[in-house]
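Structure record follows, encoded as structure tokens.
The values are calculated or read from the model by the stated rules, or taken from the named source; none is laboratory data. What you are looking at is a predicted structure, and each value in this text was computed from that prediction instead of being measured. Note that each Cβ is placed from the backbone with ideal geometry, even for glycine, and that neighbours are counted across all protein chains shown. Keep in mind that these areas ignore ligands, DNA and RNA; they rest on the heavy atoms of the full protein, side chains included. Shrake-Rupley method; radii C 1.70, N 1.55, O 1.52, S 1.80 Å.
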Amino acid sequence: MKLLPLHKLGAKEISSGVIDFGLFLPWVSASNGNRLWVKVIHEKDQFLQAIQPVKFELNHSVDLDYGDYWSVQVDINSTPKPDAKSAWGSPGRYVYRYCLENSNVPEMIDWIIDPFAREFGVGKLSAFTLGYEVYSWSDQENIWKTPALDDLVLYELMINEFGGDIDGAIAHLDYLADLGINCIELMPVSNVANTVDWGFLPIGYFGVDERFGKRKDLQRLIDAAHQRDIAIILDAVYGHTSESFPYAYVYKKLAYWENPFMGAFAKDYFGESTDFRRTFTRDFFFTVNHHWLDCYHADGFRYDCVPNYWDGPVGQGYACLTYETYQTVKAKRGLAGHWQRFVQNGDINLIQCAEQLEGPREILKQTHSNCTWQNETLGAAKQVAHGNQDELASLGLWLGLSGYPAEVTNDDDRIKKTALQYIENHDHSRFVCDFRTVFRGNELLGEGDPESVVQNTTLLDRNPYGQRHSLALARPGVWRKLFRTGTGVGKDPDVPASALGLFL
């Protein structure tokens, strides 16, 4: 895998008022009757009917590595305003989209989002900021260290459900730090087409969805978290996309029977499948990883739905991506600056967490992932909550991560390993719902019997493998928790400070 040339992709101000647009559209060439335009409008004008976007045609050329390349330079200042009342030419955000004309397609293919955009507007709109100034990181960022794997206490949150937006999330960081959290797993921040969405069908991977804030806002969040000794990892959705993702959308509209980016690969559970047999696809997602680690200082990734791109330990999909990402970080050892955050006492503390529920032990043993989701603890906890005392032993085994490696050597890389422990996450109902005993014809209307709740909570209290009111790992020194937003977690005086847990 290698990095895509991001300097020539997306929309970028290369001098005062001059914006450079560029994107790869493999197999879409001018010689086949294609013409491509970019439509640009100031953000303040976008909902005014009298003001239409300004349209610029792109030029076609061929990149030696990735094929058909389209680009144009636009001088905002020398372009006439589309209307006397327009904000065109003023500093600030502009939104844009691409549209494609093909002689074999009756209608213009419109509303093509830029797959390399760093900012986004509402819906299927990309964005750039005229007069953009890069974020200035705090001095502490160059000495911050990503926590060691054995010390992680995770909290999963969806930004807009947790704090409304990024500013709201920042305002609650002290609350999370007070809980004992030292790592936040952000549910997807990548751009999606819908305004209400958890983000698992992305259409733009190189920036923050406009629902949450702007790119500098997320950088501020990560900077502020690091100042409180809290790492940030991102939910990475690479095995599938939305049908509006440009490399799915454009080629379907062109009626191409084959695609340079999308296609059947491994298990196609959700959305439009990405094809990791394609060099372009592999390099794209490798570049996405590098971008978030470098530009945003993320501390790692939680890889969503790994079966969608798991083709074995020596395949072209997941294993290759995590290996190349690890090697990229490893190569930064000895450097000053923000990359040093991953290296401590000879260990590489890059967090690469797989959601591989079909083979959690396998993924740890055979890849450069250092942790994984697993539902065994959750399953056993549910059984105990339902009053099944026979499952207490199973709960203890899974809390002790029976059968999971603590360390693996892959390609001379000695990597510590563990599995994530949780009894709640975004894929499951609230754990307290497992105490319900009365159903009224609908799973959603289940009600709990207070006596059953007390009885079965007491049963959990007798768990010989954990502390009272907590689920804890039996493996000494290793604690893994996933706290979901709004769980109402508080401090229990009966639990020692050293035993951080998910309190019931």
Worksheet item: Based on the alpha-carbon gyration tensor of region 1-155 and its eigenvalue square roots a ≥ b ≥ c, which shape applies: rounded if a/c is under 1.5, prolate if not and a/b is larger than b/c, or oblate?
Response: oblate
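Report the charge-dipole magnitude of the chain in Debye, nearest 20, computed about the Cα centre from +1 at each Lys and Arg Cβ and -1 at each Asp and Glu Cβ.
On the way: 47 positive and 66 negative charges, 117 e Å.
In total the dipole reaches around 560 debye.
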Worksheet entry | Over the chain, relative contact order from alpha-carbon pairs under 8 Å, at least 6 apart, % | 12
Worksheet item: If packing is taken as the mean number of other Cβ atoms within 10 Å per residue, what is the order of 276-282, 55-61, highest first?
Response: 276-282, 55-61
Worksheet item: Per residue, how many Å² of accessible area does the chain show with a 1.4 Å probe?
Response: 41
Response to the item:
Taking 342, 270 and ranking on accessible area (1.4 Å, protein atoms only), highest first, one gets 270, 342
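If you take the square roots of the eigenvalues of the alpha-carbon gyration tensor of region 54-110 and sort them as a ≥ b ≥ c, do you get rounded (a/c under 1.5), prolate (a/b over b/c) or oblate?
Since a/c reaches 1.5 but b/c is at least a/b, the shape of region 54-110 is classed as oblate.
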Response to the item:
For region 291-331, shape from the Cα gyration tensor axes a ≥ b ≥ c, cut at a/c of 1.5 then a/b versus b/c, turns out oblate
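Tally up the carbon and sulfur contribution to the accessible surface of the chain as a whole percent, 1.4 Å probe, everything protein left in place.
Roughly 50 percent of what the probe reaches on the chain is carbon or sulfur.
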Discussion item. What number results when the radius of gyration of region 314-403, computed over Cα atoms, is divided by 2.2 N^0.38 Å?
Written reply: 1.43
Item to complete: Give a residue-ordered list of calculated ³J(HN,Hα) values for region 148-153 (Karplus: 6.51 cos²θ - 1.76 cosθ + 1.60, θ = phi - 60°; whole Hz; x for Gly, Pro).
Response: 5, 4, 5, 9, 6, 10
Discussion item. Could you tell me which residue out of 148, 136, 17 lies farthest along the dipole of region 1-154 toward its positive end? Charges go on the beta carbon: Lys and Arg +1, Asp and Glu -1, centred on the Cα centre.
Written reply: 17
Worksheet item: Label residue 243 and residue 35 with points 7 Å out from Cα along Cα→Cβ: what is the distance between them in nm?
Response: 2.9
Worksheet, complete the sentence: Computed over region 196-296, the relative contact order (Cα-Cα under 8 Å, seq sep at least six) in percent reads 27
Worksheet item: Dipole magnitude of region 1-64 about its Cα centre, charges +1 at Lys/Arg Cβ and -1 at Asp/Glu Cβ only, in debye to the nearest 20?
Response: 120
Worksheet item: How large are Rg and Dmax for the chain when only the alpha carbon atoms are used, in Å?
Response: 24.5, 76
Worksheet item: Quick one: what Rg and Dmax do you get for region 114-254 from the alpha carbons, in Å?
Response: 16.1, 54
